[in-house]
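I have placed the structure first, in the form of structure tokens, so that the comments after it can refer back to it.
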Amino acid sequence: MILSAALYCASLSFACAALDTAKIDELTGLKGKLNEKENVYKVSFPRSDAKVVIDGWTMPPFMGLGTWAGFTGENERALMMGDTVLFEDEVNPVMSVALDQGLSVTALHNHFFFDQPKVYFMHLEGQDSVDKLAMAVRKVYDKIKEIRAANPTPRNTFAQKSLGEKSSISPAPLNEIFGLQGEAKDGMVKFSIGHKAKMHDFEIGNDIGVNTWAAFAGSDDNAMVDGDFAVEEDQLQTALKSLRRNGIDIVAIHSHMTHEQPRILFFHYWGRGPAKKLAEAIQDALVASGLSGVSTEAQR
């Protein structure tokens, strides 16, 4: 049975004050709508500040380009969930703001094919007072506006120095940082750490795809790293924060499986810089989130 906001509050064992919707409007800078049956107050705005073309068709924001945040609970103890429409050059600066404001980033993915510019959707969640959540949401949205005000046309490149055609990464310093023996090929180096889990009563791990990995290319002074973290739910935010503090870009957050135990989430990343500095950033995130040496399946 769905309760009205008043009946919802009355059903709780603790005092419940109706959401201060005027305060949410004031702090987010948006005018929201209240769904009394679900006790949800929702603010939103369309991403109409840049034209999005999908397979040659200019997409109206109404068709799925709306950023929103919904609030439920009561003023001192509320839950916020939202979806944020972002262009590629907005994703990581906005993610850093969200994480710094105490929000959780729970997914990052695409909804379309053949979109120009490319559009990503970042899902957010937070639990706190309405005031703190609304202010966090406002700072996220302000960051989007700041980026587009500085450059109205979304960038489609990292705008970094070319890597060159051939790679020449020295494995030894990276082996030492990770405490692992990396796999070397054609001047590139790759490390993989398995995460044990179960799915449909089968034991699963590194070789079947439940792993955290990092691959390095380029040169020791001008390198790139890309890879994937396999994390349990409680490890996700810590790992994201660590990588973002070290300037590593997050490019996707999603699941790869169903019915696995424990639940495993995957996020993909990309970084540029000296190889040792990149390796140290990845190792910091492994240690911070408790993934360093998480299983005996690491390549040694």
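The values are calculated or read from the model by the stated rules, or taken from the named source; none is laboratory data. Keep in mind that this is a model prediction, so the values were computed, not measured. Neighbour counts are summed over all protein chains in view; Cβ atoms, including those assigned to glycine, are modelled from backbone coordinates with ideal geometry. Accessible surface is based on the protein model in full, side chains and every heavy atom, while ligands, DNA and RNA are left aside. Shrake-Rupley method; radii C 1.70, N 1.55, O 1.52, S 1.80 Å.
Keeping all protein chains in the complex and leaving out DNA, RNA and ligands, what accessible area do you get for Arg138 with a 1.4 Å probe, in Å² to the nearest 10?
That residue has around 70 Å² of solvent-accessible surface.
Hey, with R₀ at 25 Å, roughly what FRET efficiency would Asp201 and Asp234 work out to, going by the Cβ-Cβ distance, to 0.05? Let's see the in-between values first.
Values: r = 24 Å, r/R0 = 0.96.
Approximately 0.55, to the nearest 0.05.
How are the C-alpha pair distances of the chain spread across 20 Å bins, as whole percents from the shortest bin up?
Pair shares across the bins are 30, 52, 17, 1.
Calculate the FRET efficiency for Ser168 and Lys277 from the Cβ-Cβ distance with a Förster distance of 25 Å, rounded to the nearest 0.05.
Numbers: r = 17 Å, r/R0 = 0.67.
Result of the calculation: an efficiency of 0.90.
For the chain, which whole-number percentage of the solvent-accessible area (1.4 Å probe, protein heavy atoms only) is attributable to carbon and sulfur atoms? Kindly include the intermediate steps, with their values, before the conclusion.
On the way: 8170 of 15740 Å².
About 52 percent, which is the carbon plus sulfur part of the accessible surface.
Please calculate the 1.4 Å probe accessible area of Phe114, with all protein chains present, and give it to the nearest 10 Å².
That residue has around 150 Å² of solvent-accessible surface.
At what distance in nm do the modelled label points of Phe114 and Phe62 sit from each other, each positioned 7 Å from its Cα along Cα→Cβ?
Simple spin-label model gives 2.3 nm for this pair.
Please give the solvent-accessible surface of Trp270 in Å², to the nearest 10, using a probe radius of 1.4 Å with every protein chain present.
Near enough 80 Å² of accessible area.
Write down the accessible area per residue of the chain in Å², having rolled a 1.4 Å probe over the full set of protein chains. Before the final figure, lay out each step's value.
Details: 15740 Å² over 300 residues.
Ligands and nucleic acids excluded, the figure is 52 Å² per residue.
For Ala150 and Gln261, what does the FRET efficiency come to when R0 = 45 Å and r is the distance between their Cβ atoms, rounded to the nearest 0.05? Write down the numbers at each step before the final one.
Values: r = 46 Å, r/R0 = 1.01.
Once rounded, the FRET efficiency stands at 0.50.
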